[in-house]
Amino acid sequence: MDRMELADFLRRSRTRLTPSDVGLSAGPRRRTPGLRREEVAQLAGMSTDYYTRLEQRRGSHPSRQMLTALARALRLTDVERDHLFHLAGEEPPRPCGSSGHVRPGLLLILDRLTDLPASVLSDWGEVLAQNTMAVALSGDNTGSNLIRRWFTDPGTRALFPPENHEQHARSHVASLRAVTAARPDDPGPATLVDELRATSCEFEAYWQSHDVVVRRPSPKRFLHPVVGTLDLDCEVLLSDGHSQQLVVHSARPGTDSRQRLELLRVVGLQDLTSSS
């Protein structure tokens, strides 16, 4: 771990960004350029004290998960992300496997979607990033896997009507099967399949049916505990190579769901202000 070079790289990467680059409000007049340390820490999901120690060459060795979160927060390119890993004494993620690094172009779009729920997912269900509206809609799921949660956490299904559970389950399994066939050398999806086949009889039954699909735009019904039922359209934008997806939910103009989505935006902003 090259503490001096790591601190310099983090500091320079932070100062080249503006709050608008990462979806934050500029707020009061700033004396120095770039993001504040506490803003980077917030975006990366770490304490401000820990991030400050990294920039001051005093921090402990960051985990691979922490490095991935920093690369995402600082909007690093693939090459810059690999450099960050090298400075921390870690091997970058293998190109043949799944990466938790969100492409800067997808994050740029995500940061500007302030009134619609939007998330960046891997093609095998890893939640890589969410905007405030997505957190308000379904909770903070960044770092988790939607397919694993569906089959292992009963609370995950409470957000959807019971009559739609089978459709969601089949779609999750069929999508995962398509990914494992397309990338047989990727340990991420394969490990998830082995885990769920061993722990979920429901998953195993759907796996045996050998259905294959990829995620398509489709309407979804959400049962939100605060604003009520939301009938939303779902659009999926694919990155180059289709390994990452920007999933955006919207409501049709003039519907009750549109009004409830606007209420959800207000609720989400209030929750964010309270937590801050």
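The values are calculated or read from the model by the stated rules, or taken from the named source; none is laboratory data. All values derive from a computational prediction rather than experimental measurement. We place every Cβ from the backbone using ideal geometry, glycine too, and count neighbours over all the protein chains shown. With ligands, DNA and RNA removed, areas are computed over all heavy atoms of the protein, side chains included. Shrake-Rupley method; radii C 1.70, N 1.55, O 1.52, S 1.80 Å.
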*222 nm [θ] for the chain, helices only, -39500 (n - 2.57) per DSSP H run of 4+, per residue, to 500?*
-14500 deg cm²/dmol
_On a full-extension model of 0.36 nm per residue, what is the gain between Gln259 and His210, subtracting their alpha-carbon distance, rounded to one decimal in nm?_
13.6 nm
*Could you give the distance between the Cα centres of the stretch 163-233 and the stretch 43-73, to the whole Å?*
33
*Gain on full stretching of the segment that runs from Ser47 to Asp194 - 0.36 nm per residue minus C-alpha separation*: 49.5 nm
*Say R0 is 30 Å: what FRET efficiency, to the nearest 0.05, do Thr15 and Val266 get from their beta-carbon distance?*
0.35
*Roughly what angle does helix 78-87 make with the longest principal axis of the chain, taking Cα atoms, 0 to 90 degrees, to the nearest 10?*
60
*Additional length obtainable on full extension of the chain from Asp8 to Ser25, 0.36 nm per residue less Cα span*: 3.6 nm
*Please work out the average accessible area per residue across the chain, using the 1.4 Å probe convention, and give it in Å².*
52
*Relative to the longest principal axis of the C-alpha atoms of the chain, give the angle of the C-alpha long axis of helix 165-182, reported between 0 and 90° and rounded to the nearest 10°.*
60
_Label assignment, Rg and Dmax of the Cα atoms in Å derived from the structure, set (i) 18.2, 56; (ii) 26.1, 111; (iii) 19.7, 61_ = (iii)
*Step through the residues of the stretch 50-60 one at a time and calculate ³J(HN,Hα) from phi using the Karplus curve (6.51 cos²θ - 1.76 cosθ + 1.60, θ = phi - 60°), rounding each to whole Hz and writing x for Gly and Pro.*
5, 5, 4, 5, 4, 5, 9, 6, 10, x, 6
